[in-house]
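Have a look at the structure below before the remarks.
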Amino acid sequence: MVRLVLRRLALSVLVLWVVSVLVFVATLLLPGDPARAILGQQATPERVAALSAKLGLDLPVWQRYLDWLGGVLTGDLGFSAATQGPVSELLAGKLVASGLLLVLTALVSTPLALAMGTYSAVRRDRLGEQVVSGFSLVLAALPEFVIGVLLVVLLSTSVFRLLPSVTLSRPGEPVWSQPGQLVLPVLTLALVVIPYVVRMTRATLSEALSGGFVEMARLKGLPERTVVLRHAVPHTIGPIAQVLAMQLAWLAGGVVVVEFLFRYPGIGQALIDAVAKRDVQVVQAITLIIAAFYVLVNLAADLIGIVADPRIRTGGAR
């Protein structure tokens with residue numbers, strides 16, 4: 001088990017390094033000159049040369065990458081050309097806002113999806129299970145922006161006017177100061193995540209309930225609740241944790257679309273603004289943060305799967 005954990009850690013570090021290279025190369029391929037895009041109509045040759053030197057754009061590509069990577073490893077995300085300030089200061093509040101959105105989505109979607117998936121597995125071939133399966137299938141077929149628009153139409157415009165359709169917080173004001181504006185973004189993300197977790201929970205728990213160890217527990221006269229919770233559920237922790245991690249990691253990227261739809265002041269909106277302004281350092285920082293979150297969440301899921309698998313704990317898998 002220790003070897004597997006160390007292997008996963010090493011692989012995660014390698015993936016993050018490869019992602020850093022891809023992110024850096026991708027920003028180099030963005031069209032136009034960043035210095036000219038920032039200066040706009042004031043882009044005289046002298047000013048362009050001065051800003052390029054300030055941003056390090058006149059250095060060789062390999063040196064620029066090493067300087068950027070060294071800064072990232074020491075906590076320095078670079079300098080925002082658009083705001084003329086550190087990227088870390090620009091993103092601090094936005095990371096908190098996006099983190100709040102992700103945490104609320106996880107708190108809403110995870111228990112609800114697990115409960116629905118467990119109900120579907122235990123109540124197979126009944127009306128309630130068919131309703132849950134149909135509901136999950138419909139949601140899985142809809143992209144996040146479609147779900148968001150439908151929720152806006154339903155709860156903010158035509159049918160019910162219950163919630164704001166966009167974020168109402170003023171610049172610098174915490175997003176939680178007006179809780180109502182968080183409902184639609186959280187609900188949109190939750191409805192995107194729930195169907196996949198429901199289907200995985202149903203599939204893995206149904207397989208576990210068909211196993212011989214579960215039949216043995218039933219033959220011993222144990223209550224069905226005990227059979228499900230103590231004998232079947234532990235065997236589903238690994239696969240469910242992995243699909244949960246994949247969905248939560250997806251949220252880090254999918255939040256870009258949802259934040260843009262609801263004008264939510266998080267890293268998604270900041271990424272769109274940075275691309276429009278050719279603010280390369282901000283684009284690099286946000287993209288790397290999203291990738292790091294994705295890798296770390298999947299690493300956590302792998303570790304949970306390793307610890308939860310009894311075959312690995314007892315040395316039965318290599």
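The values are calculated or read from the model by the stated rules, or taken from the named source; none is laboratory data. In this text the structure is predicted, and so the values were computed from the model without any measurement. Cβ: placed from backbone, ideal geometry, glycine included. Neighbour counts: every protein chain shown. Each accessible area value is taken on the protein alone, full model and side chains, heavy atoms only, with ligands, DNA and RNA left out. Shrake-Rupley method; radii C 1.70, N 1.55, O 1.52, S 1.80 Å.
Applying the criterion of at least 1 residues that are closer than 29 Å to Gln242 by Cβ and under 26 Å from the mean Cα position of the chain (by Cα) to the helices (runs of 4 or more DSSP H) found wholly in the stretch 131-228 leaves 144-155, 180-209.
Among residues that are at pLDDT below 75, assigned to a helix (DSSP H, G or I) and aliphatic (A, V, I, L, M), Ile272 is not included. Going by what's in this entry, would Ala115 be described as in a helix (DSSP H, G or I) and buried (at least 18 other Cβ atoms within 10 Å of the Cβ)? It is false that Ala115 is in a helix (DSSP H, G or I) and buried (at least 18 other Cβ atoms within 10 Å of the Cβ). Mind listing whichever residues of the stretch 1-35 are modelled with pLDDT under 70 and more than 19 Å from Arg64 (Cα to Cα)? Once the filter is applied, which keeps residues that are modelled with pLDDT under 70 and more than 19 Å from Arg64 (Cα to Cα), the stretch 1-35 yields only Met1. Check the stretch 83-97 and report whether any residue there is more than 25 Å from Val13 (Cα to Cα), assigned to a loop (DSSP other than H, G, I, E, B) and either of a type in the set (S, T, N, Q) or in contact (Cβ under 8 Å) with a residue 40 or more places away in the chain (or both). Scanning the stretch 83-97 turns up at least one residue that is more than 25 Å from Val13 (Cα to Cα), assigned to a loop (DSSP other than H, G, I, E, B) and either of a type in the set (S, T, N, Q) or in contact (Cβ under 8 Å) with a residue 40 or more places away in the chain (or both). Residues in the stretch 118-142 that are under 25 Å from Tyr264 (Cα atoms) and open to solvent by 50 Å² or more (accessible area, probe 1.4 Å): Ala141, Leu142. A residue that is outside any helix (DSSP H, G or I), open to solvent by less than 60 Å² (accessible area, probe 1.4 Å), touching a Leu at 6+ places or on another chain (Cβ under 8 Å) and in contact (Cβ under 8 Å) with a residue 24 or more places away in the chain can be found somewhere in the stretch 70-77. Given the residues Leu251, Leu261, which is the only one that is of a type in the set (A, V, I, L, M, F, W, C), open to solvent by 30 Å² or more (accessible area, probe 1.4 Å) and part of a helix (DSSP H, G or I)? Going through Leu251, Leu261 in turn, the sole match is Leu261.
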